[in-house]
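What follows is a short report on a single structure.
The values are calculated or read from the model by the stated rules, or taken from the named source; none is laboratory data. This one's a predicted model, so the numbers in the text were calculated from it and none came from an experiment. Here the Cβ positions follow ideal geometry from the backbone for every residue, glycine too, while neighbour counts run over all protein chains shown.
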Amino acid sequence: MLDAPHLQRLLEPFGLELSPNQVSQTLAYVHLLIRWNEKINLTAIRDPEECVTRHFGESLFLFRHIHLTGCLLDIGSGAGFPGLALKIVFPDLSITLLEPVAKKRAFLKEVARVCEFTQVRVRPERLVELVPESPTFEHATMRAVGNLEVMVPLATKCLKPGGSLLLWLTQDQATALPSYAKQLVWQASIPIPLSRTSAVWTGLKSASGVESIGQIGVDAS
């Protein structure tokens, strides 16, 4: 199993310097993920080192670029990436995890318990069932989620004016982003370390809540 020095070395390419408590939480999360993954299909990645770089590194590195506060909605949480992992570096963030599969919800709740995360809600709804509620989220995240032409507009409706939608995508997936939600202004993408084609794309919802014009071009360079 991984230990603290090994974990820190694996996260070095992502520019992360975790505190002792954050290292302990990450290790506990990794060990739970490996153990539960033997019984239920949480992730196709089985190697502990690859789990650290592909899941934790690619989620947590956002801490170097964006400061998240308030309430965050994680859509299609699965094993908790990026939403639940972000609690490690943003402990005051209030997070709602949307996961329709009961066994995966049980895993997310166990991680929150073992890691002593607070302000974490795990909900069974699909995004389309949540949209009628008033927009109460400052941020929304999606990683490894398909059907973007449907999901992006739905996620935008959940955001407060001025809120941000954060997407972990390849360049090919991001090509049509500007056409998916006219209320979003897309910022320059943030390349993901150790990846040739993937980046985090940030769309800011118009503060007025109406359709935006003059959107920033999407560019992964």
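Return the residues of segment 34-60 that are among the aliphatic types (A, V, I, L, M), more than 19 Å from the chain's Cα centre (by Cα) and surrounded by 14 or more Cβ atoms within 10 Å (Cβ to Cβ); say none if nothing qualifies.
Selection gives 34 alone.
Yes/no per residue for (1) in contact with a Gly (Cβ under 7 Å, 6 or more places away or on another chain); (2) among the acidic types (Asp, Glu):
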residue	(1), (2)
45	no, no
54	no, no
60	no, no
71	no, no
74	yes, yes
77	yes, no
80	no, no
86	no, no
91	no, no
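So if I check each of 168, 201, which one is touching a Leu at 6+ places or on another chain (Cβ under 6 Å) and closer than 16 Å to residue 82 by Cα? Before you say what the answer is, go through the steps one by one.
On the way: 168 fails: touching a Leu at 6+ places or on another chain (Cβ under 6 Å).
Just one listed residue meets the conditions, 201.
Which count do you get for residues in segment 139-151 that are within 18 Å of residue 99 (Cα to Cα) and either without any contact (Cβ under 8 Å) to a residue 40 or more places away in the chain or assigned to a helix (DSSP H, G or I) (or both)? Break it down into steps so the answer makes sense when it comes.
Narrowing segment 139-151 to residues within 18 Å of residue 99 (Cα to Cα): 139-148, 150-151.
After this cut, where a residue has to be either without any contact (Cβ under 8 Å) to a residue 40 or more places away in the chain or assigned to a helix (DSSP H, G or I) (or both) as well, the list is 146-148, 150-151.
Counting residues in segment 139-151 that are within 18 Å of residue 99 (Cα to Cα) and either without any contact (Cβ under 8 Å) to a residue 40 or more places away in the chain or assigned to a helix (DSSP H, G or I) (or both) gives 5.
Counting just the residues of segment 152-187 that are within 18 Å of the chain's Cα centre (by Cα) and part of a loop (DSSP other than H, G, I, E, B), which one comes out nearest to residue 49 (Cα to Cα)?
187
Being modelled with pLDDT of 95 or more and in a loop (DSSP other than H, G, I, E, B) is the filter here, so list the residues in segment 101-138 that pass it.
101, 115, 116, 117, 118, 119, 124
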